[in-house]
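All remarks here apply to the structure that follows.
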Amino acid sequence: MTNKPHDLDNLTRSLLEGTAEKPSASLNLRIMELIRKESCLRKAQSQPDGIRGLLTGFAIYFLTLAVIIGLGYTHDATSLTKIFETFPRLRLFLLTAGSSAMFFFFFTQLNNYLLWKKKREK
Amino acid sequence: MDERDWIQRIVAGDMQSFSCLVAKYEKMAYTIALRIVGNREDAEEVVQDAFLKMYRALPSFAGESKFSSWFYRIVYRTALDTLRGRKLFEDYEEIGQTDVSLAEQETASGVLERKDRKEIIGEVMKRLPASESLILTLYYLEECSVEEIRKITDLSETNIKTRLFRSRKHFYEQLEKYLKNELNTLHYDQ
């Protein structure tokens, strides 16, 4: 028997070989379950709810604008003021529809945010 | 398929590849955690947390270091968090120390032939301070280089070498003590 560091390293390596501790059989399943949940959460977070909501808002806005301009053209109106003069109730209608849409949009976004926060806490 | 492919697939959302990583690293991660925290329940908690942290951080893994070193560092840091401020590596004094004696080596060689070698080594590892059993595990069992251990633990290279030398000495001392005790118990029983 020699006392060379290299031999000692080899002896120690041989002694320790295969002595890794074995965890409980369920650990693997628990880890995978945890990762699956995390993966679902990640997918939910990556959905661009905010952008989609914003695009919908813009689409509604431009659609309404297109309808108004279209109506104006059919009635030979050349400016927005003339359009409102042509359709007196239009201003009230637009105000109601616009504010309803904005409230709806705001509360949907708030709801989405609170749900996301709750999921994250879990 | 190598680890890089697994990692790319996991980042793309493939759970099967992640289960391959779990199967490959679960045991060593658990051994490292157990050496640090000292009990099985906490060690399993540490391993779960470490895998979750690894999953979250995987998209940012640049591949500059070995995946195993990167992951063991996560396990190491997570295990340290559970120690709640207790220091794993205490400061040590630079004192000269003799290497493992021939008698200790001969006793240890006898253990190689024994069927219960794993249990004996497991018991001896428990008797060592956490820092020493950890460093022996990383170097001799997982065969990490000194550089890899440096990346995992943030200790300096000289510090690691000194600690390795000491840990090995203590390991052989404890092994001899353990076997002597065992022998005494046998005599006493007879």
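The values are calculated or read from the model by the stated rules, or taken from the named source; none is laboratory data. Since the model is a prediction, treat every value here as computed from it, not as a measurement. All Cβ positions, glycine included, derive from the backbone under ideal geometry; neighbour counts span all protein chains shown.
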Inset, instruction - Could you tell me whether B:E173 is farther than 21 Å from A:P23 by Cα, crowded, with 16+ Cβ neighbours inside 10 Å, within 14 Å of another protein chain (Cβ to nearest Cβ) and not β-branched (V, I, T)? - result: yes
Inset, instruction - Filter segment B:33-55 down to residues that are within 27 Å of B:S167 (Cβ to Cβ) and within 7 Å of another protein chain (Cβ to nearest Cβ), then give me how many there are. - result: 3
Legend entry - Members of segment B:131-163 that are over 10 Å from the mean Cα position of the chain (by Cα) and either among the polar types (S, T, N, Q) or under 16 Å from B:E104 (Cβ atoms) (or both): B:S145, B:T153, B:S156, B:T158, B:N159, B:T162
Inset, instruction - Would you mind telling me which numbered condition in (1) more than 21 Å from B:D49 (Cα to Cα); (2) within 14 Å of chain A (Cβ to nearest Cβ); (3) of a type in the set (A, V, I, L, M, F, W, C) B:L138 fails? - result: (1)
Legend entry - Failed criterion for B:S101 (all others in (1) hydroxyl-bearing (S, T, Y); (2) under 23 Å from A:A20 (Cβ atoms); (3) at the interface with chain A (Cβ under 10 Å from one of its Cβ atoms) hold): (2)
Inset, instruction - Give segment B:11-32 a look and list any residue that's within 9 Å of chain A (Cβ to nearest Cβ) and touching a residue at least 12 places away in the same chain (Cβ under 8 Å), or say none. - result: B:F18, B:V22, B:E26, B:M28, B:A29, B:Y30, B:T31
Inset, instruction - Scan segment B:106-130 for residues that are out of contact with any Asp or Glu (no Cβ under 8 Å at 6 or more places or on another chain), at the interface with chain A (Cβ under 9 Å from one of its Cβ atoms) and modelled with pLDDT under 90 and jot them down. - result: B:E106, B:S109, B:V111, B:L112
Legend entry - Checking B:S133 against (1) more than 14 Å from chain A (Cβ to nearest Cβ); (2) closer than 17 Å to A:A20 by Cα; (3) of a type in the set (S, T, Y), the condition it does not meet: (1)
Inset, instruction - Identify all residues within segment B:27-47 that are in a helix (DSSP H, G or I) and surrounded by fewer than 19 Cβ atoms within 10 Å (Cβ to Cβ); write none if there are none. - result: B:K27, B:R40, B:E41, B:D42, B:E45
Inset, instruction - Determine if segment B:62-72 includes at least one residue that is outside the structural domain of B:Y25 (by TED's automatic domain parsing), in contact with a helix residue (DSSP H, G or I) (Cβ under 9 Å, 6 or more places away or on another chain) and buried (at least 17 other Cβ atoms within 10 Å of the Cβ). - result: no
Legend entry - Residues (more than 9 Å from every other protein chain (Cβ to nearest Cβ) and at pLDDT 85 or above) located in segment A:27-54: A:L29, A:E33, A:K37
Inset, instruction - Please enumerate the residues belonging to segment B:127-155 that are assigned to a helix (DSSP H, G or I) and in contact (Cβ under 8 Å) with a residue 60 or more places away in the chain. - result: B:A130, B:S133, B:L134, B:T137, B:L138, B:L141, B:E148, B:K151, B:I152, B:T153
